[in-house]
Structure formats: C-alpha cells, structure tokens
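Trainee: Sharing a structure with you now.
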Amino acid sequence: MAFQIKSTAFEHGGNIPKKYTCDGADVSPPLSWTSPPEATKSLALICDDPDAPMGTWVHWVLFGLPPDTRELPEGVSTQEVLPDGSKQGTTDFGRVGYGGPCPPSGTHRYYFKLYALNANPDLRPGLTKEELLKAIEKNILAQAELMGRYQR
C-alpha cells in the first residue's frame, strides 16, 4: 500500500472546518497515516498554502517524529519540543507550532505534506520550512499529501 495521510476532520480536496482556522479555535486537525517504508527513521510534516498573495505561506513545520508514529491528535501543542521528542519549526506567522488557514480573500488550498526519512537529523527547534527541506532533501524515502480548502 502506498504511503498515505488523511484526516477525520476533512476529505482530501474538501473544506477544512472553521475550528482549525484563525476564524475558529486555530488548533491543528487530527491526522493519521499508513505505515511508512520499512527503512524510515523519522517523519516530518509541513503544511503550507501555495495560494497566498505573497507566495507560499507556511502554516506548520514539525520534524523528528518517531517512525512508529501513525497519527497526530487534534490540537497538537505549540511548544518547541513535544513529549515524544519531535520538534516544531517557525511558521510564516513568526511563531512555533500550527497556525491555521487565514486567507485574506478567496479559496485557498492547504497542503499537509508528510515525509518519511531514512535519517533522524539532529536539528534545532524553530527552524524554517526551507531549512528543514534543505536538511532532509537527500533523506526522503516517501511523501504523502493531504489537501484541504478554506474560504473565509
């Protein structure tokens, strides 16, 4: 079976409920995924919006997830280091942790990209999406993607 990510809160291509946006509680949606490739040593997750007026807007950077992790509950804490040892990076909101959809106008697409990595690089919390991608680019075994939409 291919590596896949899904949410019980919305379907792929469907609308993200207000609860998970800046217009609601602004908490991260529940996510779950299938088993990554056998050689996976860690997982990383990036959520971004390619439809933002100033270019792609980063909503979440999470990395160092243990390879046996299969889900993230609703409302992941916004602390830099989570209890399982995973770390969060800085979003384009200028803070660590999930920041929900908050489009200025129109319908935007939000991509939750999950990466299975053949390494668990020792990276500092607070890094940016670009720094994370540069650090893991040669370690990506598989990628799964979930896209949701939101309009205010």
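Trainee: Looking at region 122-133, can you tell me whether even one residue there is over 21 Å from Trp57 (Cβ atoms), surrounded by 15 or more Cβ atoms within 10 Å (Cβ to Cβ) and either among the aliphatic types (A, V, I, L, M) or modelled with pLDDT under 95 (or both)? Can you show your working first?
Mentor: So the first thing to find is which residues in region 122-133 are over 21 Å from Trp57 (Cβ atoms), and the list is 122-124.
Then drop every residue that is not surrounded by 15 or more Cβ atoms within 10 Å (Cβ to Cβ), which leaves 123.
Filter again for either among the aliphatic types (A, V, I, L, M) or modelled with pLDDT under 95 (or both), leaving 123.
Yes, region 122-133 has at least one match.
Trainee: Taking Gly24, is it in contact with a helix residue (DSSP H, G or I) (Cβ under 6 Å, 6 or more places away or on another chain) and farther than 14 Å from Thr91 by Cα?
Mentor: Values: in contact with a helix residue (DSSP H, G or I) (Cβ under 6 Å, 6 or more places away or on another chain): yes; farther than 14 Å from Thr91 by Cα: yes.
Answer is yes for this residue.
Trainee: Report whether or not Gly148 is under 20 Å from Lys6 (Cβ atoms), part of a loop (DSSP other than H, G, I, E, B) and touching a residue at least 24 places away in the same chain (Cβ under 8 Å). Can you show your working first?
Mentor: Values: under 20 Å from Lys6 (Cβ atoms): yes; part of a loop (DSSP other than H, G, I, E, B): no; touching a residue at least 24 places away in the same chain (Cβ under 8 Å): yes.
So Gly148 does not fit the description; no.
Trainee: Additional query: I'd like to verify a number: residues in region 82-107 that are over 16 Å from Ile46 (Cα atoms) and not hydrophobic (A, V, I, L, M, F, W, C), how many?
Mentor: So the answer is 8.
Residue by residue, here is whether (1) acidic (Asp, Glu); (2) in contact with a Gly (Cβ under 8 Å, 6 or more places away or on another chain); (3) under 27 Å from Lys138 (Cβ atoms) holds:
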position: Asp48; (1), (2), (3): yes, no, yes
position: Gly64; (1), (2), (3): no, yes, yes
position: Glu80; (1), (2), (3): yes, yes, yes
position: Ser86; (1), (2), (3): no, yes, yes
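Trainee: From the list Leu114, Leu127, Leu72, exactly one residue is within 23 Å of Asp51 (Cβ to Cβ) and of a type in the set (A, V, I, L, M). Which is it?
Mentor: Leu114
Trainee: Right, Ile46: under 19 Å from Gly148 (Cα atoms), more than 13 Å from the chain's Cα centre (by Cα), buried (at least 17 other Cβ atoms within 10 Å of the Cβ) and of a type in the set (A, V, I, L, M) or not? Break it down stepwise before answering.
Mentor: Details: under 19 Å from Gly148 (Cα atoms): yes; more than 13 Å from the chain's Cα centre (by Cα): no; buried (at least 17 other Cβ atoms within 10 Å of the Cβ): yes; of a type in the set (A, V, I, L, M): yes.
No; evaluated as a whole, the condition is false for this residue.
Trainee: Out of the residues in region 49-98 meeting the condition of being in contact with a helix residue (DSSP H, G or I) (Cβ under 7 Å, 6 or more places away or on another chain) and in contact (Cβ under 8 Å) with a residue 60 or more places away in the chain, tell me which one is surrounded by the fewest Cβ atoms within 10 Å (Cβ to Cβ). Step through it out loud before you land on a result.
Mentor: The first filter runs over region 49-98 and keeps only residues in contact with a helix residue (DSSP H, G or I) (Cβ under 7 Å, 6 or more places away or on another chain), leaving 58, 61, 63, 89.
The next check asks that each one be in contact (Cβ under 8 Å) with a residue 60 or more places away in the chain; those that pass are 58, 61, 63.
On the way: Val58: 20, Val61: 28, Phe63: 23.
Once the filter is applied, the top-ranked residue is Val58.
Trainee: Within region 19-43, can you find the residues that are loosely packed, with under 15 Cβ neighbours inside 10 Å, in contact with a Phe, Trp or Tyr (Cβ under 9 Å, 6 or more places away or on another chain) and closer than 25 Å to Gly106 by Cβ?
Mentor: Listed by number, the list holds a single entry, Asp23.
Trainee: Name the pairs whose Cβ atoms lie under 9 Å apart, with the first residue in region 104-130 and over 10 Å from Gly89 (Cα atoms), the second surrounded by fewer than 20 Cβ atoms within 10 Å (Cβ to Cβ) and of a type in the set (Phe, Trp, Tyr), and 6 or more positions between them or separate chains?
Mentor: Leu114/Phe3; Ala116/Phe3
The values are calculated or read from the model by the stated rules, or taken from the named source; none is laboratory data. Predicted model only: the values in this text are computed from it and were never measured. With ideal geometry, Cβ positions are generated from the backbone for all residues, glycine too; neighbour counts draw on all protein chains shown.
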